[in-house]
Amino acid sequence: GRILLVNGPNLNLLGTREPEIYGSDTLDDVVALVERTAADLGFEVRAIQSNHEGALVDAIHEARGDCDAVVINPGALTHTSVALRDALTGVHLPFAEVHISNVHAREPFRHHSYLSDVASCVIVGAGVQGYAFAVQRLAALLAPAR
Ligand code: DQA
């Protein structure tokens, strides 16, 4: 099986961006963690990061028929994007929504997500480890017998 890892706007700055909120791991560290976690469970990973909403929508469309599930940290698009929601529901792939920080402990505009009610699971505030939890959960959903 294959998992699409999607990171949205500004997550390319991980490691240097507000480390008191997001920690010191870089995006490369996150991709490596997801690849390691997925490999242990028999899954491959395709990874994309973009600062552009449309590029993320395109990547999700391209996952149809190619990937079995999506791990997504949509960044600020979480709180604004009906298009990302529609892309994810449109391709009928189970997805895990990940936020490194505890969005519920932050500004009120971060409390609402356009994705959470259609997500398989939502992991917030677990740091970058949340990405690994997401992979583990999706792998369990996809291969319940293993
Ligand atoms: C984030 C939380 C969002 O509110 C913020 O815009 C991000 C990162 C997180 O991982 O905690 O860019 O998704």
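What follows is calculated from the coordinates using simple rules that are stated; it is not laboratory data. Since we're looking at a predicted model, the values are computed, not measured. All Cβ positions, even for glycine, are placed from backbone atoms using ideal geometry, and neighbour counts span all protein chains on display.
Table for the structure above
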read-out: The range 38-146: chymotrypsin sites (Phe, Trp or Tyr not before Pro) falling in loop per DSSP and having at most 14 other Cβ within 10 Å; value: none
read-out: Note, ³J(HN,Hα) from phi for the range 83-95, Karplus 6.51, -1.76, 1.60, rounded to Hz, x at Gly and Pro; value: 5, 5, 4, 5, 5, 5, 6, x, 8, 6, 9, x, 9
read-out: Ratio of the Cα radius of gyration of the range 2-142 to 2.2 N^0.38 Å, where N counts its residues; value: 0.94
read-out: For the range 31-48, 3J(HN,Hα) per residue [Karplus equation, 6.51 cos²θ - 1.76 cosθ + 1.60, θ = phi - 60°, Hz, x = Gly/Pro]; value: 4, 5, 4, 5, 5, 4, 5, 5, 4, 4, 9, x, 10, 9, 10, 10, 10, 9
read-out: Charge context of Ser81, other residues only, Cβ under 13 angstrom, K/R +1, D/E -1; value: -2
read-out: Ranking of Ile21, Ile123, Ile60 by count of other Cβ atoms within 10 Å, fewest first; value: Ile21, Ile123, Ile60
read-out: HN-Hα J in Hz across the range 10-26 - Karplus 6.51, -1.76, 1.60, θ = phi - 60°, x for Gly and Pro; value: 6, 6, 5, 8, 3, x, 10, 7, 5, x, 5, 9, 10, x, 9, 5, 8
read-out: Mean ellipticity per residue at 222 nm, deg cm²/dmol - from DSSP H runs of n ≥ 4 across the chain, formula -39500 (n - 2.57); value: -10500 deg cm²/dmol
read-out: Normalised contact order of the chain, rounded percent, pairs of Cα under 8 Å and 6 or more residues apart; value: 27
read-out: Charge context of His111, other residues only, Cβ under 14 angstrom, K/R +1, D/E -1; value: -1
read-out: Summed side-chain charge close to Asp29 - residues other than Asp29 whose Cβ falls under 12 Å, Lys, Arg +1, Asp, Glu -1; value: -2
